[in-house]
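Since the structure comes first, as structure tokens, the remarks are kept for the end.
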Amino acid sequence: MFTSIDGVRLHYAQDGQGTDLLLIHGLGGSLHDWDACTPTLARYHRVLRWDARGFGDSDKPAGPYSPQLFARDLAGFARACGVGRAHVAGISMGGVIAQRFALDYPDMVKSLTLISTSSEVGAQAQAVWEKTAAVIEQRGFGSNADFAARIYAASFVKAHPDIVQARAAQIGANDPRAYAAAARAIGTYNWTAELSRVQAPTLIVQGVEDKLTPPGGSVRMSRVLPHCRLLMIPDCGHVVPEEKPELFTHTLLAFLAGVDLSH
């Protein structure tokens, strides 16, 4: 399915019935990153997944992009789907978008789930993001095997080389300019102090072996967010829903059920 927001056509999928749950994928991903957990989540929720601008089957307009722009897209998408207030869950870049959405559209957020993400980017990391964006913009992706392997815990890489290979292919299939624009968008932000304004119940999920967004960022967020739980998962890298699908899905469902019951 498609909807247009500010002239940008966004691809999305809708499954199930119940309280609304918005799922936001990471950099280089698509709504299909949630395929494995969606059937279970859809037993209890109306699950709305989208391809953010620049990714999947959505339009890929020229940059620059920003977290605020992605959040505005998400608000428009949610309203187009008849969402009043929703549970919002995002991984990696999706977690960045989810944070900005909670800050800019607090009345639309029933709960917040942040997976493998952070609330700020240091100077050294900013330089790395800019270099990465520039190289991809100019030369394309090249081989992504090493990068794809870094996404996962070492034990997962060893046990599931086919999944790692598929992830490398997925990254390489992206539009280089859109990917670079999104990389720049999530490469320069710092709103840790602002998170104290977020009143929605929040669940932070973090793999202990995450090399892309190390656990320190999740700890930092958990100390600022007023109503927050932090789950640290051992032997798990960046892609928690893929590496620990049952643990992730059941943890998320339990958290969402608690929020729904409290209302």
Qualifying lysines (Cα of each under 20 Å from Cα of K158; at least 8 residues distant if same chain): K211, K244
Calculated P(r) of the stretch 8-108 - Cα pairs past 24 Å, %: 13
Paramagnetic reach from N190 (point 7 Å along Cα→Cβ, amide N under 13 Å) across the stretch 115-143: 119-127
Mean ellipticity per residue at 222 nm, deg cm²/dmol - from DSSP H runs of n ≥ 4 across the chain, formula -39500 (n - 2.57): -13000 deg cm²/dmol
Radius of gyration and Dmax over the Cα atoms of the stretch 52-207, both given in Å: 16.3, 44
Residue with peak Gaussian network fluctuation, the chain [Cα springs, cutoff 10 Å], from A159, A178, A193: A159
Mean projected area in nm² (Cα convex hull; one quarter of hull surface) for the stretch 136-249: 8.1
Accessible area, probe 1.4 Å, largest first, for residues L23, L230: L230, L23
Most to least accessible of E246, E137 (protein chains only, probe 1.4 Å): E246, E137
Per residue accessible area of the chain, 1.4 Å probe, in Å²: 43
Solvent exposure, largest accessible area first (probe 1.4 Å, DNA, RNA and ligands not counted), of K211, K131: K131, K211
Point-charge dipole on Cβ atoms (K/R +1, D/E -1) for the chain, about Cα centre, debye to 20: 380
Mean Cβ neighbour count within 10 Å, used as a protection proxy, ranking 26-36, 58-68 highest first: 26-36, 58-68
Efficiency of FRET from Cβ geometry, H250 and K158, R₀ 30 Å, rounded to 0.05: 0.75
Distance histogram for the stretch 90-182 (every C-alpha pair counted, 10 angstrom bins, percent rounded to whole numbers): 14, 35, 36, 14, 1
Percent carbon-and-sulfur accessible area, the stretch 41-146, ignoring ligands, DNA and RNA, probe 1.4 Å: 47
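The values are calculated or read from the model by the stated rules, or taken from the named source; none is laboratory data. Quick caveat, the model's predicted, so the values are computed rather than measured. Every residue, glycine among them, receives a Cβ derived from its backbone with ideal geometry; neighbour counts consider all protein chains shown. For the accessible areas, the whole protein counts, side chains as well, though only heavy atoms, and no ligand, DNA or RNA atoms are used. Shrake-Rupley method; radii C 1.70, N 1.55, O 1.52, S 1.80 Å.
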